[in-house]
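**Q** Encoded as structure tokens, here's the structure I'll be asking about.
Throughout, read-outs are computed from the coordinates displayed, never taken from laboratory work. If you're wondering where the values come from, they're calculated on a predicted model, not measured in any experiment. Neighbour counts run over all protein chains shown; Cβ positions are idealised from the backbone, glycine included.
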Amino acid sequence: MSQSKEKFYITTAIAYASRKPHIGNTYEVIMTDAVARFKRMMGYDVYFLTGTDEHGEKIEVLANDAGITPQTYVDGVSGEIRKLWDMMNTSYDQFIRTTNENHVKVVQHLFKKFYDQGDIYKDEYEGWYCVPCESFFTETQALENGKCPDCGAQMTRKKEEAYYFRMHAYQDRLLAYIESHPDFIEPESRKKEMINNFIKPGLQDLCVSRTSFKWGIPVTFDDKHVVYVWLDALTNYITALGYDVDEKGALYQKYWPADVHMIGKDITRFHTIYWPIFLMAMGEPLPKKVFCHPWFLFGNDKMSKSKGNVLYADQLVEKFGVDGVRHYCLAEMPYASDGNITIESLIKRYNADLANNLGNLVNRTITMTKKYFDGIIPAPNAEEPLDDELKTCAKQTYDGVVNAMNTYHVADAVEILFGLYSRANKYIDETAPWVLAKDESKKARLGTVLYHLLETIRLGACLTAPFMPATADAIFKQLGCDNRTYAWGGLTAGASVGEPEVLFARIDEKKMIAEIEEEQKENARAAAIANAALKEAPQKGKEEPAAEPIQPEITFDSFMKNDLRCALVTACEPVAKSDKLLKLQLDLGGESRQVVSGIAKCYQPDDLIGKKVILVANLAPAKLRGVESCGMILAGGEDDHIKVVFLPDDMPLGTRIR
């Protein structure tokens with residue numbers, strides 16, 4: 001392997017400290033860790049940065065709802081994120097928080113520098129604002145129904161005084177840089193998107209301060225303002241290295257510019273337009289590359305709490321182990337297109353790759369060495385052409401993995417590596433060691449076969465280390481060797497192997513699917529109940545609508561013709577092309593129903609999931625906007641004052657309401 005001591009600075013996007021990250025978010029730090037470990041293995045001086053983004057209106061709102069200070073809130077969430085990154089065995093060198101005193105000071109210095117040199121000016125903003133994305137949108141960018149074009153959340157109209165960064169002043173310079181540095185933005189599709197959709201049509205000046213909330217870094221010369229999130233968050237990549245306006249720390253001088261920023265495709269614009277322009281205004285070098293990885297979809301849908309399809313890394317680790325989860329994420333995410341994650345595919349890949357291919361290979365090879373040679377590594381002194389094929393495969397595997405990792409085709413690298421393990425399993429079938437063991441005259445050939453298998457496993461473990469570090473350690477332990485040099489012949493004949501152990505036990509697919517699906521339902525219910533409790537708090541200052549006149553009397557028998565049942569909302573989503581309708585999936589306790597309700601102006605889907613409602617179960621089916629509705633849920637009010645009638649959590653499903 002290379003003995004180069006060339007530096008390599010790699011970063012993740014810092015995670016937003018509003019909620020616990022799901023497996024799609026966790027993928028990024030796993031992938032970045034695999035690249036960092038690979039570069040260290042290749043001899044690079046690696047610095048790996050991750051951390052949390054901790055300011056903004058969304059956090060202020062969540063903290064207020066929780067009845068705690070924003071600092072206390074982010075201390076808790078940031079700690080949970082760091083604990084999750086540690087659990088996934090990520091080898092970061094620094095975990096930065098944007099509430100760190102040094103980061104705050106540098107952001108304030110930069111804001112003043114930009115203002116003094118004319119890059120920042122004060123104006124008034126009026127337009128659409130998305131709280132989850134912490135982003136402003138123009139009238140042309142906003143969707144017709146007032147939904148955010150990025151995340152789909154309902155936006156609000158805001159008017160406030162703000163400072164702006166003159167993005168347009170750097171437009172031509174940025175375009176020239178991107179075009180003269182073809183590898184700056186990858187994949188190619190993301191680069192074309194930025195150039196054609198944002199830069200060439202003309203950059204809008206960027207709002208870089210806010211006055212409507214306080215949880216942010218104060219502007220030193222105008223205390224009504226706090227620094228807007230992207231100028232704050234993006235600078236973490238240099239504040240972590242000790243950069244300041246008037247001085248550059250030793251880490252900054254050593255590692256900047258970054259070799260690669262690993263980010264999700266949804267924040268490409270911020271990292272390939274805003275961040276480079278900020279650096280140009282500072283007079284600092286730009287990062288060498290921004291790699292924009294795709295998303296993990298749950299089946300074919302984006303992960304969403306409102307759909308109840310969110311998976312969390314810690315829950316998956318309980319089922320599949322840390323390296324099982326790492327392997328799946330790294331093997332399943334394509335280079336440029338979105339990956340799909342399902343419980344079924346998790347189990348199938350775990351069983352096929354880890355239990356059957358790798359685990360089985362290691363276990364039976366160590367076991368045969370124990371059985372036929374008392375655990376002593378035999379000498380390879382009876383080679384045949386078949387052995388050369390295995391050696392050639394090992395050499396090609398190394399070249400393929402290195403080439404794929406150097407271009408961030410991580411899933412391809414994993415596939416190439418596991419091709420080596422497959423070839424070794426085929427080699428066992430071709431050589432049939434159990435047959436050789438029956439003929440004493442074939443003892444030398446048997447020893448050669450087992451040596452070649454053990455050595456192939458050792459070389460495979462070398463390449464496995466960046467992807468599944470704990471598994472690689474376990475393999476070296478079973479080999480009784482820790483030689484991690486990738487060159488044939490690293491095992492010493494005459495040395496002893498360790499004890500055979502099962503690396504990955506095969507999973508019962510049906511049993512695990514049932515367990516995880518039930519856990520997902522419980523998580524969705526708990527989150528929905530918590531959100532609904534906050535949003536159902538009484539609103540002050542609103543005039544109550546006038547009550548409708550009471551309808552004519554009916555008899556008891558007439559009323560009893562209405563079959564009202566207790567039902568649980570298990571899923572909920574908006575009806576396409578409608579701003580009033582929600583489609584609910586209901587569980588009556590043995591029967592499922594789909595109901596369409598005109599309550600979208602008053603409830604978000606996650607307000608309802610996990611709640612028990614009253615269903616008019618014998619209402620004739622109808623179609624609303626082309627969607628079948630088999631019943632009706634009870635609610636009171638009209639237009640934007642509708643309140644759904646919720647039942648106690650302990651009422652059994654299917655109970656008739658009388």
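**Q** Give me, ordered by chain and number, the residues 5 or more places off residue 635 or on other chains with an amide H under 5 Å from its own placed amide H.
**A** 645
**Q** Let me ask something else about it. Take the chain, compute every pairwise Cα distance, and split them into 10 Å bins from 0; I just need the percent in each bin.
**A** 3, 13, 21, 21, 17, 13, 8, 3, 1, 0, 0
**Q** Separate question: Contour minus end-to-end for residue 113 and residue 495, with contour as 0.36 nm per residue of separation and end-to-end as the Cα-Cα distance?
**A** Working: separation 382, 0.36 × 382 = 137.52 nm, distance 6.45 nm.
Contour length minus the Cα-Cα distance gives 131.1 nm.
**Q** R0 = 41 Å: FRET efficiency of residue 426 with residue 517, Cβ-based, nearest 0.05? Provide the component values of the computation, followed by the final result.
**A** Details: r = 36 Å, r/R0 = 0.89.
Efficiency computed from Cβ-Cβ geometry: 0.65.
**Q** Could you tally the net charge around residue 103, taking each other residue with its Cβ under 9 Å from the Cβ of residue 103, Lys/Arg +1 and Asp/Glu -1?
**A** Working: positive: 97, 105; negative: 101, 232.
In short, 0.
**Q** Quick one: which of 427-436, 444-453 comes out on top by average Cβ neighbours within 10 Å, and what's the full order, highest first? Could you put the intermediate results ahead of the total?
**A** Numbers: 427-436: 15.4, 444-453: 22.8.
Highest-to-lowest ranking by the protection proxy: 444-453, 427-436.
**Q** Which net charge results for the neighbourhood of residue 437, defined as the other residues with beta-carbon distances under 12 angstrom from its beta-carbon, given Lys and Arg at +1 and Asp and Glu at -1? Each step should come with its number before you reach the end.
**A** Working: positive: 371, 438, 442, 443, 445; negative: 439, 440.
Around residue 437, the charge tally is +3.
**Q** If you take the charge dipole of the chain about its Cα centre, with +1 on Lys and Arg Cβ and -1 on Asp and Glu Cβ, which of 564, 63, 274 is farthest toward its positive end?
**A** My answer, from the dipole projection, is 564.
**Q** While we're on this one: Taking square-rooted eigenvalues a ≥ b ≥ c of the alpha carbon gyration tensor, is the stretch 253-300 rounded, prolate or oblate, where a/c under 1.5 means rounded and, failing that, a/b exceeding b/c means prolate? Each step should come with its number before you reach the end.
**A** Details: a/c = 4.96, a/b = 2.09, b/c = 2.37.
In terms of gyration-tensor shape, oblate.
**Q** Now for a separate question. What residues qualify as long-range amide H neighbours of residue 298, i.e. H under 5 Å apart, gap of 5 or more or another chain, H built at 1.01 Å from N?
**A** 303, 341
**Q** Okay, moving on. State the extension gain, in nm to one decimal, for the chain segment bounded by residue 80 and residue 643, taking 0.36 nm per residue of separation less the distance between their alpha-carbons. Walk me through the numbers before you get to the answer.
**A** Details: separation 563, 0.36 × 563 = 202.68 nm, distance 3.50 nm.
Extra length from residue 80 to residue 643 when fully extended: 199.2 nm.
**Q** Rounded to the nearest whole Å³, what is the per residue volume of the convex hull around the Cα atoms of the stretch 546-657?
**A** Working: hull volume 13.1 nm³, N = 112.
Cα convex hull per residue, to the nearest whole number: 117 Å³.
**Q** Select from 608, 626, 651 the residue farthest towards the positive end of the dipole of the stretch 546-657; place +1 on Cβ of Lys and Arg, -1 on Cβ of Asp and Glu, and compute about the Cα centre.
**A** 626
**Q** Same structure again: Could you check the simple spin-label distance between residue 391 and residue 6, using points 7 Å along Cα→Cβ, in nm with one decimal?
**A** Between residue 391 and residue 6, the simple spin-label model gives 3.0 nm.
**Q** Between residue 97 and residues 5 or more places away or on another chain, which pairs have amide H atoms under 5 Å apart, with H built 1.01 Å from N, and which residues are they?
**A** Placed amide hydrogens put 52 under 5 Å from residue 97.
**Q** Tell me, what is the FRET efficiency for residue 175 and residue 337 to the nearest 0.05, using R0 = 25 angstrom and their Cβ-Cβ distance as r? Spell out each step's value before the answer.
**A** On the way: r = 26 Å, r/R0 = 1.05.
Result of the calculation: an efficiency of 0.40.
**Q** Rounded to whole Hz and in sequence order, give me ³J(HN,Hα) for the stretch 31-43 from the Karplus expression 6.51 cos²θ - 1.76 cosθ + 1.60, θ = phi - 60°, writing x for Gly and Pro.
**A** With coefficients 6.51, -1.76 and 1.60, one gets 4, 4, 5, 4, 5, 4, 5, 4, 5, 4, 4, 7, x Hz.
**Q** What are the semi-axes of the equivalent ellipsoid for the stretch 1-97, taken as the square roots of 5 times the Cα gyration tensor eigenvalues, largest first, in whole Å? Write down the numbers at each step before the final one.
**A** Working: eigenvalues 203, 27, 17 Å².
For the stretch 1-97, the semi-axes come out at 32, 12, 9 Å.
**Q** Another question about this same structure. With a 10 Å radius around each residue's Cβ, average the other Cβ atoms per peptide and rank 498-511, 357-370, highest first. Spell out each step's value before the answer.
**A** On the way: 498-511: 14.6, 357-370: 21.1.
Top to bottom by mean Cβ count within 10 Å: 357-370, 498-511.
**Q** Among 27, 264, 245, which residue has its Cα positioned farthest towards the positive end of the charge dipole of the chain, with +1 placed on the Cβ of Lys and Arg, -1 on the Cβ of Asp and Glu, and the dipole taken about the Cα centre?
**A** 27
**Q** Next question, about the same structure. Can you tell me the dipole magnitude for the chain around its Cα centre, using point charges on the Cβ only (Lys, Arg +1; Asp, Glu -1), in Debye to the nearest 20?
**A** Details: 77 positive and 93 negative charges, 133 e Å.
Dipole size: approximately 640 debye.
**Q** Using the basic label-point model (7 angstrom from Cα toward the beta carbon), what is the residue 61 to residue 592 distance in nanometres?
**A** Those two pseudo-labels are separated by 3.2 nm.
**Q** Place a +1 charge on the Cβ of each Lys and Arg in the stretch 445-504 and a -1 charge on the Cβ of each Asp and Glu, then give the dipole magnitude about the Cα centre in debye, rounded to the nearest 20.
**A** That gives a dipole near 180 debye.
**Q** Local charge sum around residue 351 (other residues, Cβ-Cβ under 9 Å, Lys/Arg +1, Asp/Glu -1)? Write down the numbers at each step before the final one.
**A** Details: positive: 348, 349, 506; negative: 353, 509.
Local charge sum for residue 351: +1.
**Q** Could you calculate the contour length gain from residue 406 to residue 150, that is, 0.36 nm times the residue separation minus the distance between their Cα atoms, to one decimal place in nm? Please report the intermediate quantities before stating the final value.
**A** Values: separation 256, 0.36 × 256 = 92.16 nm, distance 3.08 nm.
Answer, rounded to one decimal: 89.1 nm.
**Q** Rounded to the nearest 0.05, what FRET efficiency is calculated for residue 579 and residue 482 with R0 set to 60 Å and r the Cβ-Cβ distance?
**A** On the way: r = 63 Å, r/R0 = 1.04.
For R0 = 60 Å, the calculated efficiency reads 0.45.
**Q** How big is the stretch 296-533 in terms of Cα radius of gyration and Dmax, in angstroms?
**A** For the stretch 296-533, the Cα-based Rg and Dmax read 20.7, 78 Å.
**Q** Right, next: Suppose every K and R has +1 on its Cβ and every D and E has -1 on its Cβ; what is the size of the dipole of the stretch 296-533 about the Cα centre, in Debye to the nearest 20? If you can, show how the numbers build up before the last one.
**A** Working: 26 positive and 33 negative charges, 31 e Å.
Result for the stretch 296-533 is approximately 140 debye, rounded to the nearest 20.
**Q** Would you work out the relative contact order for the stretch 296-533, in percent, from Cα pairs under 8 angstrom that are 6 or more residues apart? Walk me through the numbers on the way to the answer.
**A** Details: 285 pairs, mean separation 67.8, N = 238.
Value for the stretch 296-533: 28 percent.
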